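The next block holds one structure in the form of structure tokens; read it before the comments.
The values are calculated or read from the model by the stated rules, or taken from the named source; none is laboratory data. It should be emphasised that the depicted structure is a prediction, and the values quoted were computed from it without experimental measurement. Glycine gets a Cβ as well: all are built from the backbone with ideal geometry, and neighbour counts include every protein chain shown. Accessible surface areas use protein heavy atoms only, side chains included; no ligands, DNA or RNA. Shrake-Rupley method; radii C 1.70, N 1.55, O 1.52, S 1.80 Å.
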Amino acid sequence: MRGFETGQTVVRRDVHRSGRVWSEQALRVVCDTGEALVTACAPGAQARWPALYAQARAEGDRSVRTEAFEAMASGRWELAGAVWQETDLLLCKPPTAWFSINAFYVPDGEGRRLRNWYVNFEHPTSRTTAGFDTLDLTVDLVVTPDLTRWEWKDEDEYAHVRRLGIVSDTEHRAVDAARGEVLAMLTERSGVFAQAERWAAWRWEPAWPTPCLPRPAAAAERVAPEGG
């Protein structure tokens, strides 16, 4: 499948093993190479999230997130329209990796600054004509801007999705291996982290319009198999 052009709108979808879309987010392409697809979004970018997950974000109630995962396990959920808020996001996704490396930028005077790195453990990429599919596997690693300190996030939710069967034993082993790979990258300043200063200085291109989802919210939510 051909690569994406810089500035092009693409859609990241989290797709459940049933084939149903769990979430989708509009992004713009920063660069697309054999090593990684790098995309970004800014406040106002369109998304669709599970209604319970959106409620949890709005209310700051993590117990509702637990309900959302239970809905995921049952295969019954509804999607709600949403917009990305507050931060600029840079997302680097190596195609075969069980993780993506994200950078969050926040206002700083008249500009922006890197707030933190955020490693999201997820399925390897499956390319689509509109973007790429993956599946967030819940556990994350939060890293300071200077890469000197990090901490695991949402281990409790990861244990819960394991109990619910959302993350299989095979996926769990892949996540464990990916954890070790990411920690080695941090220690060695390799992979994406070899270019940490370059990415820390990245800024959203002012000429880019805010990313919008290319199809209406009423579109079908089941994904047909696609090659990637």
Within segment 24-35, restricting attention to residues that are open to solvent by 10 Å² or more (accessible area, probe 1.4 Å) and of a type in the set (A, V, I, L, M, F, W, C), which residue is farthest from LEU213 (Cα to Cα)?
-> CYS31
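Using the structure shown, decide if THR66 is among the β-branched types (Val, Ile, Thr), closer than 17 Å to GLY131 by Cβ and more than 17 Å from the chain's Cα centre (by Cα).
Details: among the β-branched types (Val, Ile, Thr): yes; closer than 17 Å to GLY131 by Cβ: no; more than 17 Å from the chain's Cα centre (by Cα): yes.
So THR66 fails the test.
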Looking at ALA82, ALA103, ALA97, which one is part of a strand (DSSP E or B) and either at pLDDT 95 or above or on the phi > 0 side of the Ramachandran plot (or both)?
-> ALA103
Quick one: would you say LEU135 is modelled with pLDDT of 95 or more and either of a type in the set (Gly, Ala, Ser) or touching a Lys or Arg at 6+ places or on another chain (Cβ under 9 Å) (or both)?
-> yes
Pairs returned, first residue in segment 106-128 that is within 20 Å of VAL139 (Cβ to Cβ) and at pLDDT below 95, second residue that is assigned to a strand (DSSP E or B) and charged (D, E, K, R), beta-carbon separation under 6 angstrom, 6 or more apart or interchain, are THR125/LYS93
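Regarding GLY75, is this residue over 21 Å from TRP199 (Cα atoms) and either in contact with a Phe, Trp or Tyr (Cβ under 9 Å, 6 or more places away or on another chain) or touching a residue at least 60 places away in the same chain (Cβ under 8 Å) (or both)? Steps first, please.
Values: over 21 Å from TRP199 (Cα atoms): yes; either in contact with a Phe, Trp or Tyr (Cβ under 9 Å, 6 or more places away or on another chain) or touching a residue at least 60 places away in the same chain (Cβ under 8 Å) (or both): no.
Criteria not met by GLY75.
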Hey, GLY75 hits all of (1) surrounded by fewer than 16 Cβ atoms within 10 Å (Cβ to Cβ); (2) touching a strand residue (DSSP E or B) at 6+ places or on another chain (Cβ under 8 Å); (3) over 15 Å from VAL161 (Cβ atoms) but one; which does it fall short on?
-> (3)
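If you take just the strands (runs of 3 or more DSSP E) that sit entirely in segment 114-213, which of them hold at least 1 residues that are of a type outside the set (A, V, I, L, M), under 24 Å from VAL11 (Cβ atoms) and touching a strand residue (DSSP E or B) at 6+ places or on another chain (Cβ under 8 Å)?
Details: elements: 131-134, 136-143, 150-153.
Answer list for segment 114-213: 131-134, 136-143.
Within the bounds of segment 131-153, is there any residue that is within 22 Å of THR6 (Cβ to Cβ), open to solvent by less than 40 Å² (accessible area, probe 1.4 Å), touching a residue at least 24 places away in the same chain (Cβ under 8 Å) and of a type in the set (Gly, Ala, Ser)? Steps first, answer last, please.
Filtering segment 131-153 for residues within 22 Å of THR6 (Cβ to Cβ) gives 131-134.
Those left that are additionally open to solvent by less than 40 Å² (accessible area, probe 1.4 Å): 131-134.
Then keep just the ones that are touching a residue at least 24 places away in the same chain (Cβ under 8 Å); that gives 131-134.
Filter once more, keeping what is of a type in the set (Gly, Ala, Ser): 131.
Among the residues of segment 131-153, at least one is within 22 Å of THR6 (Cβ to Cβ), open to solvent by less than 40 Å² (accessible area, probe 1.4 Å), touching a residue at least 24 places away in the same chain (Cβ under 8 Å) and of a type in the set (Gly, Ala, Ser), which makes the answer yes.
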Return the pairs, sorted by first residue and then second, in which the second residue is open to solvent by 60 Å² or more (accessible area, probe 1.4 Å) and not in a loop (DSSP other than H, G, I, E, B), the first residue lies in segment 39-62 and is under 18 Å from VAL29 (Cβ atoms) and hydrophobic (A, V, I, L, M, F, W, C), the beta carbons are less than 8 Å apart, and the residues are 6+ apart or on different chains.
-> ALA45/VAL83; ALA47/GLY81; ALA47/VAL83
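Yes or no, residue by residue, for (1) small (Gly, Ala, Ser); (2) part of a loop (DSSP other than H, G, I, E, B); (3) open to solvent by 30 Å² or more (accessible area, probe 1.4 Å); (4) under 16 Å from PRO94 (Cβ atoms):
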{"position": "ASP14", "(1), (2), (3), (4)": "no, no, no, no"}
{"position": "TRP22", "(1), (2), (3), (4)": "no, no, no, no"}
{"position": "PRO43", "(1), (2), (3), (4)": "no, yes, yes, no"}
{"position": "LEU52", "(1), (2), (3), (4)": "no, no, yes, no"}
{"position": "ALA58", "(1), (2), (3), (4)": "yes, no, yes, no"}
Identify the residue in segment 155-212 that is surrounded by 11 or more Cβ atoms within 10 Å (Cβ to Cβ) and of a type in the set (Ser, Thr, Tyr) and, among all such residues, is farthest from VAL139 (Cα to Cα).
-> THR210
Of the residues that make up segment 6-15, is at least one out of contact with any Gly (no Cβ under 8 Å at 6 or more places or on another chain), closer than 25 Å to ARG179 by Cα, touching a residue at least 40 places away in the same chain (Cβ under 8 Å) and not β-branched (Val, Ile, Thr)?
-> yes
